[in-house]
Amino acid sequence: MVGRPAQPSLLLATGLDLRGESSIGGGVGPQAFAVATGVQTDRTADALSEIAKELKGVGGDRPATAQELNLLTRSEVLTLADRFETNYAMAGYLSYVDRYGHSYEWLSTLPDRYAALTPATIGRSAAALHPNAMTWVVVGDLSKIEEGVRALDLGPVEVWDASGKRRR
């Protein structure tokens with residue numbers, strides 16, 4: 001799954017293969033979209049390729065299915081309570097609703113918002129995503145992943161070190 005949205009209508013569900021095997025998660029905000037996942041170093045290029053394929057497909061020739069949407073919405077609704085397991089999580093939620101102008105009860109509206117989603121809603125939102133126009137941030141052992149990442153031709157590749165200095 002990709003997306004924990006500020007507005008559920010912006011939710012983007014990717015294919016079951018990514019959701020099931022890579023535990024991909026990310027977030028959608030008013031002006032941001034992110035995908036984050038951990039993968040084996042030797043599978044970095046494969047994972048990036050699959051993410052790009054799913055981003056293109058869900059808004060195009062491989063739209064979300066009713067089965068995928070059901071899995072996604074059930075997962076999201078059934079784990080809402082998990083978002084408040086710590087004081088830090090509660091403080092984060094309060095900061096979030098304040099930042100985006102939601103009421104403190106906003107979370108209680110999510111089950112109905114998720115229930116209102118359709119594959120068509122997801123497809124329309126996903127069509128606005130253009131993987132070739134995104135900034136891809138990939139972290140890993142450069143000597144093991146650089147060649148595969150460059151071969152994907154997702155855009156210009158920059159190399160930055162751990163202290164935030166651009167190396168090339």
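The values are calculated or read from the model by the stated rules, or taken from the named source; none is laboratory data. Computed from a prediction, not measured in an experiment: that's the story for all the values here. Reconstructed Cβ throughout: ideal geometry from the backbone, glycine too, with neighbour counts over all protein chains shown. With ligands, DNA and RNA removed, areas are computed over all heavy atoms of the protein, side chains included. Shrake-Rupley method; radii C 1.70, N 1.55, O 1.52, S 1.80 Å.
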Pick from the range 102-122 the residues that are hydrophobic (A, V, I, L, M, F, W, C) and touching a residue at least 60 places away in the same chain (Cβ under 8 Å): which of them is most open to solvent (accessible area, probe 1.4 Å)? 116
For residues in the range 123-151 being touching a helix residue (DSSP H, G or I) at 6+ places or on another chain (Cβ under 8 Å), aliphatic (A, V, I, L, M) and assigned to a helix (DSSP H, G or I), which is surrounded by the fewest Cβ atoms within 10 Å (Cβ to Cβ)? 151
Looking at (1) without any contact (Cβ under 8 Å) to a residue 40 or more places away in the chain; (2) farther than 30 Å from residue 142 by Cα; (3) open to solvent by 60 Å² or more (accessible area, probe 1.4 Å), which is the only condition residue 63 fails? (1)
Restricting the search to the range 72-88, which residues are open to solvent by 50 Å² or more (accessible area, probe 1.4 Å) and not aliphatic (A, V, I, L, M)? 74, 75, 82, 83, 84, 85, 86, 87, 88
Condition check for residue 62: charged (D, E, K, R), at pLDDT below 90 and under 24 Å from residue 89 (Cα atoms): no
